[in-house]
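Contents: one structure, followed by commentary.
The values are calculated or read from the model by the stated rules, or taken from the named source; none is laboratory data. Small disclaimer: the values here were computed from a predicted structure and weren't measured. Note: ideal-geometry Cβ built from the backbone for every residue, glycine included; neighbour counts use all protein chains shown. SASA here: full protein model, heavy atoms, side chains in, ligands and nucleic acids out. Shrake-Rupley method; radii C 1.70, N 1.55, O 1.52, S 1.80 Å.
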Amino acid sequence: MACAWFLLSCVLLLCIAGAGFAYQVENGILEGSVTFYESLPIHGNPLLRWTFKNALIARLFPGGTPMCVDQYVGRCTLYENGTLRLNSLTFADDGNYTMTAQYLITSLTKESTYGLRIHTVLGSPALHCNDTSNSLISGTYLSIYCDAGSLNVITYTFYRDGKNICSKPHVTCQDSYLYFQPITESDSGNYTCTIQNPVSSNTSNTLQLNVSVPVSDVKLASNATGLVWPELDVVSLTCSARDTDVTYSWSLQGAPLPQNPPYYLSANNTVLTIRPITANDNGTFTCTASNWINNETSDGVIFNLAWNPEASMSCNAVNISGNVELGCSWPGGHPAANLSLIFNGVSDNGQNSVTRVMSTSHHFQGSNLTCFGDQLGRTSQCSLIFELPQSPRHNISNIFSVIDGQAAVMTLDLVPGLHSVFTWYRVNPELTPIQNTRNFAVNSSSLMSSLLITAVTEEDAGKYECKAENIVGSQSFLFTLNVTDPTPCPISHGLGGGEVAGIVIAVVAGITIIEVIVFFILKTTKKPHLGTKNENSNAPPPHTYSTIIPGTEINSGKQQTYYENRAIYNNLEPSTGK
């Protein structure tokens, strides 16, 4: 018997020594259950005690029944091997639990301690950005906050497009915050954060970040090298920029390009094709790249336009600040073409100059300017004679008659020559300059000017003068305006058929009556045939009158009457008596 007890004591000693004093942490879910597992020999009949914060919560006497005490009755279970199960966990249950087992036979004791951590099941956190626009500029500092509220979160993990971003060198992850120092264009994407504790995990909403780069490094490249032939060559310009979500626009000489041929845009407006290029494209092309942050314009490109076969050279003379500048040009002709300028027989000695400046004190009357240009076998020339302004009407006064209330236009159209400046005057008799008003409008070009009076009145009648002036001198041209009253016209409503018939009958009847009267007159004036001479034969014959009706002839005693004119005139003449 003593040997048996000795062997049992050794086994218990080995078991207890193998278990030793232990500490481990168990995680419990709020309102859930947790079990502290023990594996004591059930035949040792130990005295078991479970305490929480030094207060007894469960016990087992040797040979007795396990039981929970006080407030733990009904929500804990103690097993004979020392295992304890707690149900309906609350945050108040968070803490350290100690199990003590005493073996009365051997006086041996085992003690184990468990730490209980109460956790809630995590809900979905909210992911926020400190810039509410979500449209960000590269190079700025930004932070993202993973808001889990009061949840018991152990770890936070941030993802971009499903991949952990915390390992990036310019990114710092600290608890619930993600810091960009600074953010870059490559950081654009969809962001989430995942929160975890020992009993659950959850993922936030998706936050989309769009990181834009300011427009920079705008460049314009041309496919044209050397001379470009107007009306023949097709050229293209390509615009590039370092940017994000950029739009492109184009300009020629600072003005937007027309939205019609020969300009064609492609590749999201980055390529401009001119098909074909024309002489009007002799200017500076630029492109502007823009996004919501800024815009930037490229350097300009100027095409080296060659001689335009369809264009003609022009000579000109302009008064600039007291000096006269003589010049010659054609569209696209400068600087690629070879030019020469000859004034009064004196050449520029092959200086390839298109202008010459001379003092206004020079006598220009009768001078002449000739320009020559050639390029790759194509040549052209122009001439300009310096003389006073001349009108095709040779300064003859122009007289106009206009009805009161109608419009009057007086126009001076010069013989092609030097460009002129025009001034209109009213002669009252002194000269009064005419300005544009509601009723008067002056419209002029370099070789033509007109004066429009929208509604003339009697006060507008009189003389007008137009003065044309060029670098040689000036000449005036006179106009006379007569204003007449409108003449009323009779209003005819037409005659009906009965009225016309009545007039015809009346006319015929009148003519018949006249014929009868004429017949009787002729009858009474004819001499009686008596066969013997009158006793007073020496007496002069009495005066008689004959009626001559236009359209009537007396022939062989017969009367022929014509009615072509439908008019009768009585002309009484003395008769000769024959």
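Which of the numbered conditions does residue 111 fail, given that it passes all the others? Conditions: (1) in a strand (DSSP E or B); (2) closer than 27 Å to residue 212 by Cα.
(2)
In the stretch 408-451, which residues are part of a strand (DSSP E or B), open to solvent by less than 60 Å² (accessible area, probe 1.4 Å), among the aliphatic types (A, V, I, L, M) and out of contact with any Asp or Glu (no Cβ under 8 Å at 6 or more places or on another chain)?
410, 412, 441, 442, 451
Considering only the stretch 58-78, how many residues are in contact (Cβ under 8 Å) with a residue 40 or more places away in the chain and either under 60 Å from the mean Cα position of the chain (by Cα) or within 19 Å of residue 26 (Cα to Cα) (or both)?
Residues meeting the conditions: 0.
When the stretch 105-157 is examined, which residues are found to be under 47 Å from the mean Cα position of the chain (by Cα), surrounded by fewer than 14 Cβ atoms within 10 Å (Cβ to Cβ) and without any contact (Cβ under 8 Å) to a residue 60 or more places away in the chain?
Residues satisfying the conditions are 130, 132, 133, 139, 140, 141, 147.
Going residue by residue through the stretch 146-158, is there one that turns out to be out of contact with any Pro (no Cβ under 9 Å at 6 or more places or on another chain), outside any loop (DSSP other than H, G, I, E, B), of a type in the set (Val, Ile, Thr) and within 30 Å of residue 212 (Cα to Cα)?
Within the stretch 146-158, one or more residues are out of contact with any Pro (no Cβ under 9 Å at 6 or more places or on another chain), outside any loop (DSSP other than H, G, I, E, B), of a type in the set (Val, Ile, Thr) and within 30 Å of residue 212 (Cα to Cα).
Within the stretch 14-32, take every residue that is open to solvent by 90 Å² or more (accessible area, probe 1.4 Å) and at pLDDT below 90 and give me the one that is farthest from the chain's Cα centre (by Cα).
14
Any idea how many residues of the stretch 244-255 are surrounded by fewer than 14 Cβ atoms within 10 Å (Cβ to Cβ) and under 12 Å from the mean Cα position of the chain (by Cα)?
1
I need the strands (runs of 3 or more DSSP E) fully contained in the stretch 338-384, keeping only those with at least 1 residues that are among the aromatic types (Phe, Trp, Tyr), modelled with pLDDT of 75 or more and more than 42 Å from the chain's Cα centre (by Cα).
338-343, 368-375
Residues being among the hydrophobic types (A, V, I, L, M, F, W, C), open to solvent by less than 20 Å² (accessible area, probe 1.4 Å) and in a strand (DSSP E or B): count how many of those fall in the stretch 171-206.
Residues flagged as among the hydrophobic types (A, V, I, L, M, F, W, C), open to solvent by less than 20 Å² (accessible area, probe 1.4 Å) and in a strand (DSSP E or B) within the stretch 171-206 amount to 5.
For residues that are of a type in the set (A, V, I, L, M, F, W, C) and not in a loop (DSSP other than H, G, I, E, B), scanning just the stretch 85-104, find the one that is most open to solvent (accessible area, probe 1.4 Å).
If we take residues in the stretch 85-104 being of a type in the set (A, V, I, L, M, F, W, C) and not in a loop (DSSP other than H, G, I, E, B), then 91 is most open to solvent (accessible area, probe 1.4 Å).
Please tell me if residue 405 is in a loop (DSSP other than H, G, I, E, B), more than 30 Å from residue 327 (Cβ to Cβ) and open to solvent by less than 60 Å² (accessible area, probe 1.4 Å).
So residue 405 passes the test.
Name every residue in the stretch 256-275 that is open to solvent by 80 Å² or more (accessible area, probe 1.4 Å) and either over 19 Å from residue 233 (Cβ atoms) or modelled with pLDDT under 90 (or both), in order of residue number.
256, 259, 261, 268
Just to be sure I understand the filter: pairs with C-beta atoms under 7 Å, separated by 6 or more residues or on different chains, first member in the stretch 254-274 and of a type in the set (Ser, Thr, Tyr), second member open to solvent by 70 Å² or more (accessible area, probe 1.4 Å). Which pairs pass?
That search, which allows pairs on different chains as well, returns 264/275; 273/234; 273/264.
The conditions are (1) polar (S, T, N, Q); (2) at pLDDT 70 or above; (3) in contact with a strand residue (DSSP E or B) (Cβ under 9 Å, 6 or more places away or on another chain), and residue 397 fails exactly one of them. Which is it?
Residue 397 satisfies all of (1) polar (S, T, N, Q); (2) at pLDDT 70 or above; (3) in contact with a strand residue (DSSP E or B) (Cβ under 9 Å, 6 or more places away or on another chain) except (2).
So which pairs qualify, if the first residue must be in the stretch 466-478 and polar (S, T, N, Q), the second must be open to solvent by 40 Å² or more (accessible area, probe 1.4 Å) and modelled with pLDDT of 90 or more, the Cβ gap must be under 6 Å, and the two must be at least 6 apart or on different chains?
Between residues of the stretch 466-478 that are polar (S, T, N, Q) and residues that are open to solvent by 40 Å² or more (accessible area, probe 1.4 Å) and modelled with pLDDT of 90 or more, the close pairs are 474/467; 476/467.
For a quick check of your reading of the model, give me the residue pairs whose first member lies in the stretch 24-39 and is within 12 Å of residue 121 (Cα to Cα), whose second is β-branched (Val, Ile, Thr) and open to solvent by less than 20 Å² (accessible area, probe 1.4 Å), with beta-carbon atoms closer than 7 Å and at least 6 apart or on different chains.
28/34; 28/118; 30/118
Just for the stretch 209-233: of the residues that are assigned to a strand (DSSP E or B) and not aliphatic (A, V, I, L, M), which one is most open to solvent (accessible area, probe 1.4 Å)?
Result: 219.
(1) out of contact with any strand residue (DSSP E or B) (no Cβ under 8 Å at 6 or more places or on another chain); (2) at pLDDT 95 or above: which one isn't true of residue 58, the others all being true?
Exception for residue 58: condition (1).
So in the stretch 285-313, with the set limited to residues that are modelled with pLDDT under 80 and of a type in the set (S, T, N, Q), which one is surrounded by the most Cβ atoms within 10 Å (Cβ to Cβ)?
Among them, the one singled out is 308.
Going by what's in this entry, would residue 305 be described as in contact with a helix residue (DSSP H, G or I) (Cβ under 8 Å, 6 or more places away or on another chain) and over 18 Å from residue 214 (Cβ atoms)?
yes
Six or more apart or on different chains, Cβ atoms under 9 Å: show the pairs whose first residue is in the stretch 181-204 and modelled with pLDDT under 90 and whose second is part of a strand (DSSP E or B) and open to solvent by 40 Å² or more (accessible area, probe 1.4 Å).
none
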